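What follows is a short report on a single structure.
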Amino acid sequence: MTTRAEAAAGGSRLLSKSILVFATTMLMAGAGAVFWVIAARLAPAEDVGLAGSLVAAGDSLALFAQLGLNIAIVRTLPESSRRAADVVTAVLVVASAGTLLGLGYALLLPVTSPRLADVLSSPVTVVLFAVLVGMTALNVLTDNVFLALDRVWSFLRLNGVLMGVLKVGLPFALAGAGAFGLYGSVGLAVAACAAASVWSI
């Protein structure tokens, strides 16, 4: 039977985790806002708009690529006797699904959105977009892995701090590459965070 002291301790832990998750969300939102302000200063409005469309598309595809595994892993991982295998399987499935969805989206752009197709006009940019969507999907998954493993500080350090620093800094290096450079600034920041997350898990 749970004592009052244990219940109070559990409530305190839950509150502290909630505060850390909220802080991470606020840091991510703040970094995103600063990124778009910087982008608007460094690039033409058309490039900013096209980059925004690619970011929105990539984020949506990354969510579809979860295939429900991000939810399932929060429920099953804490009680699993084979955590490493579960995480590796989910990582491979979600990253592959994200890459394939990104590739399919990019290949359909000449029909669905010719202007965005101009941004992804070469095989290199198509492949890069697909890979970055896969990494974005992977980052969404690892966020849930951290929550499942009660490693909220890692979530804060990587998503709240590392990603924010990269998002703010990369536009200065890549803005000259047009709309895809701006998208790449976001995508590379997320990819670096996803890689660091997988390494730290």
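Annotations
- Single match in 77, 61, 107, 67 (criterion: assigned to a helix (DSSP H, G or I) and open to solvent by 40 Å² or more (accessible area, probe 1.4 Å)): 107
- Set 157, 115: member being touching a residue at least 24 places away in the same chain (Cβ under 8 Å) and open to solvent by 20 Å² or more (accessible area, probe 1.4 Å): 115
- Residue list for segment 29-52, restricted to those being in contact with a helix residue (DSSP H, G or I) (Cβ under 6 Å, 6 or more places away or on another chain), assigned to a helix (DSSP H, G or I) and not acidic (Asp, Glu): 31, 34, 35, 38, 39, 40, 42, 48, 50, 51
- If you go through segment 118-128 and keep only what is open to solvent by less than 60 Å² (accessible area, probe 1.4 Å), within 14 Å of residue 178 (Cα to Cα) and part of a helix (DSSP H, G or I), you end up with 119, 125.
- Taking the conditions (1) open to solvent by less than 10 Å² (accessible area, probe 1.4 Å); (2) in contact (Cβ under 8 Å) with a residue 24 or more places away in the chain; (3) within 28 Å of residue 40 (Cα to Cα) in turn, residue 141 satisfies each one other than (3).
The values are calculated or read from the model by the stated rules, or taken from the named source; none is laboratory data. In this text the structure is predicted, and so the values were computed from the model without any measurement. Please note: Cβ atoms are built from the backbone with ideal geometry, for glycine as well, and neighbour counts cover all protein chains shown. Please note that ligands, DNA and RNA were not included when accessible areas were found on the heavy atoms of the full protein model with its side chains. Shrake-Rupley method; radii C 1.70, N 1.55, O 1.52, S 1.80 Å.
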